[in-house]
Amino acid sequence: MTKLSGPMLPPASGGLPQQAVVLLHGYGSDGNDLIGLAPHWQGVLPDAVFISPNGPEQCRQLASGFQWFDVSFDGDRLASRQLGVLQARPVLAEFLDDLWSQTGITPENTILAGFSQGAMMALHVGLSLDRPLMGIIAFSGAFVPPEGFGAEPLARSPVCLIHGDMDEVVDAELSADADVALRLAGYDVSYHVSQGVGHGIAPDGLAFASAFIERVALK
């Protein structure tokens, strides 16, 4: 199985890591993209290691980037998402297991965050675990429920959903749908819509995610 790797930033405190923040990039990008979120959150989590792995495959459309799974631009995007997250799940799940076993950091002290395709992976994989994460943050994503969603023994991690209402790549209604599905299943959901924002992370969305991290870190 493919082993994931990518840029990493050690704890700002200079000590041994007590928490982990795993950042999952979007389609055609790489780990260098989302590692840029680390400085915004190091003040809240000074003892956290930030890791932003590259996706497991070279991007079919953009040879310089990576993808978590292939995207169908001509066919059924919903079907390609559903199949893609299922195929990519094992490699990300193994990465998380290796991270926890090698560092001693627990799932409860781990935040899984992603943008676009990475957000889809964060939601699908994060909500398929049998131990709760500190939190899951999904920017501009969509939710493909894992097998057994809403039932035991899957853990109910707190979730933060953020989407621009003018997103031309991933329909903002997909996050709205995820909000409804997760709340109905009993999850703690924080949901924010960035007005006038397309497919990206706006300052208000970043601030909302930072406030979410502050809240879950204090639990």
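Before moving on, here are some points about what is shown:
- Of all DSSP beta bridges in region 1-147, antiparallel share, percent nearest 5: 25
- Volume of the Cα convex hull of region 72-193, divided per residue and given in Å³: 94
- Shape of region 25-86, Cα gyration tensor, a/c cut at 1.5: prolate
- Spin-label pair SER101/ALA217, simplified geometry with 7 Å Cα→Cβ offset, distance in nm: 2.9
- Environment charge at ARG156 (Cβ cut-off 14 Å; Lys +1, Arg +1, Asp -1, Glu -1): -1
- Mean Kyte hydropathy of -1.0 or more with a Cα span along the axis of at least 20 Å, helices from DSSP in the chain: 77-103, 203-217
- Classified by the C-alpha gyration tensor, region 121-219 has an oblate form. Its axis ratio a/c, with a ≥ b ≥ c, is 1.5 or above, and a/b does not exceed b/c.
- Surface share of carbon and sulfur [accessible, 1.4 angstrom probe, percent] for the chain: 54
- For the chain, the square roots a ≥ b ≥ c of the C-alpha gyration tensor eigenvalues yield an a/c under 1.5, which makes the shape rounded.
- Of GLN61, GLN42, GLN19, the one that fluctuates the most in a GNM where the chain has Cα springs shorter than 10 Å: GLN61
The values are calculated or read from the model by the stated rules, or taken from the named source; none is laboratory data. Everything numeric here is computed off the predicted structure, so don't read it as measured data. Cβ atoms come from the backbone with ideal geometry, glycine included; neighbour counts cover every protein chain shown. For the accessible areas, the whole protein counts, side chains as well, though only heavy atoms, and no ligand, DNA or RNA atoms are used. Shrake-Rupley method; radii C 1.70, N 1.55, O 1.52, S 1.80 Å.
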